[in-house]
Structures are given as structure tokens and as C-alpha cells.
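No lab work stands behind these numbers, since they all come straight from the coordinates. Because the structure is a prediction, the values reported are computed rather than measured. Positions of Cβ are backbone-derived with ideal geometry, glycine not excepted, and every protein chain shown enters the neighbour counts.
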Amino acid sequence: MADANSALLRAAERALQQQNYPEVVKCCKQVLKQDRRSYGAYVLLAKALQGTHHFPQALVALRKALELDDSALPAWLVRQTCCVALRCRYCIL
């Protein structure tokens, strides 16, 4: 299962580089079905949601990532971008 999730996360990263946001969402949701504690899946999901301007949903994914690891920089950086786009309207964790 871990190998399958790792492969899905790598596929999500490649899809994100190609701005194929629906594929990123699909891969991340598959990972999260198996592992609800996948920090990487939540961050990639948030980036894809941000890319499609679904900022409130991206912040929900980021909140979950930060609950898992509040010291990891990637989630905070994506959160900052979302907050700027929303003018901090939804940015209370």
C-alpha cells in the first residue's frame, strides 16, 4: 500500500507540474482513502485546489496538513498564497 501511495503522490506531483489539476485531485483523494494522515497528499491537494481558484477548499486541506505537521514549511507557503488571494477572509485556523 505504501508503494502504491508513493506512486500516486509522484503522479500527482507530475500532474501538478503540468497544471493538470483534476488529475492531482484524483490521485490525492486515492491516497487519502488509504492514508488519512498523508501530509503530502493534503498539500498537493491544496495546491491543485488553489490552481483552480477553490481557495476555501484549499485552506481546509491545508488545515488538515498543518494538523499533521505544523512545522512543515510547504503548507504554510501555500496557505499564505491562499490568504493573499482571499484577502485573509477565510484564514483563521
* Asked: Given Tyr42, Ala72, Thr52, which one lies farthest toward the positive end of the charge dipole of the range 33-80, if we put +1 on the Cβ of every Lys and Arg and -1 on the Cβ of every Asp and Glu?
  -> Thr52
* From a point 7 Å beyond the Cα of Glu13 in the direction of its Cβ, which residues of the range 27-64 have a backbone N at a distance under 17 Å? -> 27-29, 31-32, 38-48
* Structure fact -> For the range 27-32, in residue order, the Karplus 3J(HN,Hα) values (coefficients 6.51, -1.76, 1.60; θ = phi - 60°; whole Hz; Gly and Pro = x) are 4, 5, 5, 5, 4, 5
* Structure fact -> Computed ³J(HN,Hα) along the range 44-54: with the Karplus parameters 6.51/-1.76/1.60, θ = phi - 60°, integer Hz and x for glycine or proline, the list is 5, 4, 4, 5, 5, 5, 4, x, 9, 6, 9
* For the range 2-86, how big is Rg over Rh, using alpha carbon atoms and the Kirkwood form of Rh? -> 0.94
* HN-Hα J in Hz across the range 9-20 - Karplus 6.51, -1.76, 1.60, θ = phi - 60°, x for Gly and Pro -> 5, 5, 5, 5, 4, 5, 5, 5, 4, 8, 6, 8
